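Since the structure comes first, as structure tokens, the remarks are kept for the end.
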Amino acid sequence: MKLMKQLSIKFLITALNFKIAVTIFFAAGLLSFSSAYSNHLNDFQLQVKDSSGVDSIQKTNSVVLADSSKIFSSLLSSSINGTALNFSMNAEEKFFADDYIKKHTDYFNNMKVWGKPYFDLYDRILTSYGIPVQLKYLSVIESSLKCTAVSWAGAVGPWQIMSGAAQEHGLRTNYYADDRVDYIKSTNAACQILKELYSTYGDWLLVVAAYNAGSGAVNRAIQKAHSKDFWNIQYYLPLETRNHVKKFIATHYFFEGDGSIATVTGIDAKNSALSNSLIQNDSYLQLAANSATINVYGKYNSVVIANTLMMDISVFNQLNPDMDNVLAKGEVYPLRIPSDKLQIFQSKKIEILKQSVELLLSAANTPSATGK
């Protein structure tokens with residue numbers, strides 16, 4: 001009997017030790033998995049970038065609509081170097097934009113991540129046509145960047161192009177193929193339409209209105225209002241169209257955090273250019289005195305470099321006259337850029353060259369370039 005008790009005690013001790021060992025094993029495994037998952041999550045957060053090149057995880061935490069009041073408090077008085085610009089938001093638009101962005105914040109924040117490839121494509125093609133890259137947000141309000149979007153009126157694709165307009169600009173819209181769903185082809189066609197409209201109105205807000213309602217509706221509104229100012233003619237336009245323009249402005253402000261030439265009337269844009277011409281001259285003189293020179297060779301594009309360095313293209317061209325033509329001949333060009341931007345250029349020059357080549361290829365494949 002005593003032997004049985006001793007065996008039972010030994011068995012219990014052995015079982016208890018086994019249970020402790022198993023518990024420690026699983027605890028160690030769980031800790032290891034948690035550490036590995038945390039490391040991979042950090043890696044993912046470091047890699048995901050939005051269309052502005054900012055970490056989308058970090059940016060989502062800092063730019064949410066709880067901050068919309070902070071955003072809009074500065075929109076009515078945008079400034080650069082302490083000098084007021086006329087790229088401020090119209091007071092009437094502010095109320096519409098504030099409400100519109102609050103309803104779309106989560107969706108737009110997600111779009112900054114999944115929409116980045118489309119925004120990058122739009123940037124390259126819009127730039128090749130000399131159109132402000134901010135017009136890419138027209139595709140956001142037209143279709144939410146979806147190539148499968150179809151409107152009640154029969155407009156198709158990410159740029160919502162009607163069949164007649166598509167055929168006029170070299171796109172197929174037959175039973176077997178519809179080029180309007182092709183991001184590259186439809187974006188090229190949309191750019192051609194936008195350029196034609198801008199040559200008529202010289203005002204990007206009117207361009208957006210005409211893109212939605214047609215030139216006829218805009219022309220009639222201009223005649224009735226005796227004005228070419230969107231804010232004066234808006235009530236002579238269909239409700240859908242005037243809201244379309246306001247949605248474009250609101251979306252622009254959400255993604256860019258500020259206005260641009262694409263969000264003000266043509267008159268305000270001209271006034272802004274005149275009032276800031278002297279400032280730009282002073283800026284050029286200061287930049288020229290504090291510039292560094294680096295020899296470059298290859299298919300670099302001036303617009304891509306200026307956009308990457310966040311420089312005004314006119315100032316960049318003043319510092320680097322005829323750069324594109326010189327590089328196109330296969331010659332070395334002494335690139336002049338502000339000294340404080342030299343490190344940015346050095347770290348991103350491979351990406352800049354890649355985008356420049358893609359822009360060149362995109363321009364070469366446009367219908368006007370190929371003669372199709």
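Is one or more of the residues making up the stretch 160-176 open to solvent by 20 Å² or more (accessible area, probe 1.4 Å), within 26 Å of His252 (Cα to Cα) and not in a helix (DSSP H, G or I)? Yes, because at least one residue in the stretch 160-176 is open to solvent by 20 Å² or more (accessible area, probe 1.4 Å), within 26 Å of His252 (Cα to Cα) and not in a helix (DSSP H, G or I). Out of the residues in the stretch 216-239 meeting the condition of being more than 12 Å from Thr265 (Cα to Cα) and among the hydroxyl-bearing types (Ser, Thr, Tyr), tell me which one is most open to solvent (accessible area, probe 1.4 Å). If we take residues in the stretch 216-239 being more than 12 Å from Thr265 (Cα to Cα) and among the hydroxyl-bearing types (Ser, Thr, Tyr), then Tyr235 is most open to solvent (accessible area, probe 1.4 Å). Is it the case that some residue within the stretch 265-273 is surrounded by 15 or more Cβ atoms within 10 Å (Cβ to Cβ), within 27 Å of Lys146 (Cα to Cα) and in contact (Cβ under 8 Å) with a residue 40 or more places away in the chain? Within the stretch 265-273, none of the residues are surrounded by 15 or more Cβ atoms within 10 Å (Cβ to Cβ), within 27 Å of Lys146 (Cα to Cα) and in contact (Cβ under 8 Å) with a residue 40 or more places away in the chain.
Return yes when Val303 is in contact with a Phe, Trp or Tyr (Cβ under 6 Å, 6 or more places away or on another chain) and either under 30 Å from Glu168 (Cα atoms) or modelled with pLDDT under 90 (or both) and no when it is not. Taking the combined requirement at face value, the residue does not satisfy it. Among residues of the stretch 111-125 that are closer than 13 Å to Leu138 by Cβ, those with a Cβ under 6 angstrom from a residue that is part of a helix (DSSP H, G or I) and among the charged types (D, E, K, R), sequence gap 6+ or separate chain, pair up as Phe119/Lys136; Tyr122/Lys136. Taking the stretch 207-223 as the range and being out of contact with any Phe, Trp or Tyr (no Cβ under 6 Å at 6 or more places or on another chain) and within 23 Å of Ser151 (Cα to Cα) as the test, the residues that pass are Ala209, Ala210, Tyr211, Asn212, Ala213, Gly214, Ser215, Gly216, Ala217, Val218. Taken as a whole, the condition of being assigned to a helix (DSSP H, G or I) and free of Cβ contacts under 8 Å to residues at least 12 places away in the same chain does not apply to Tyr211.
With respect to Val245, determine if the residue is at pLDDT 95 or above, under 18 Å from the mean Cα position of the chain (by Cα) and crowded, with 24+ Cβ neighbours inside 10 Å. Yes; evaluated as a whole, the condition is true for this residue. Scanning the stretch 328-361 for residues that are part of a loop (DSSP other than H, G, I, E, B) and open to solvent by less than 60 Å² (accessible area, probe 1.4 Å) returns a single hit, Gly330. Checking each residue in the stretch 318-327 for being open to solvent by less than 50 Å² (accessible area, probe 1.4 Å) and in a helix (DSSP H, G or I) picks out Leu319, Met323, Val326, Leu327. Does at least one position in the stretch 179-191 carry a residue that is on the phi > 0 side of the Ramachandran plot, surrounded by fewer than 19 Cβ atoms within 10 Å (Cβ to Cβ), without any contact (Cβ under 8 Å) to a residue 60 or more places away in the chain and part of a loop (DSSP other than H, G, I, E, B)? Within the stretch 179-191 (the criterion being on the phi > 0 side of the Ramachandran plot, surrounded by fewer than 19 Cβ atoms within 10 Å (Cβ to Cβ), without any contact (Cβ under 8 Å) to a residue 60 or more places away in the chain and part of a loop (DSSP other than H, G, I, E, B)), the answer is no, since none of the residues qualifies. Answer yes or no as to whether Phe96 is assigned to a helix (DSSP H, G or I), in contact with a Lys or Arg (Cβ under 8 Å, 6 or more places away or on another chain) and open to solvent by 50 Å² or more (accessible area, probe 1.4 Å). So Phe96 passes the test.
The values are calculated or read from the model by the stated rules, or taken from the named source; none is laboratory data. Since this is a predicted model, take the numbers as computed values, not measurements. Glycine also receives a Cβ, built like all others from the backbone with ideal geometry; neighbour counts cover every protein chain displayed. Remember, those area values only see protein heavy atoms, side chains included, never the ligands or the DNA or RNA. Shrake-Rupley method; radii C 1.70, N 1.55, O 1.52, S 1.80 Å.
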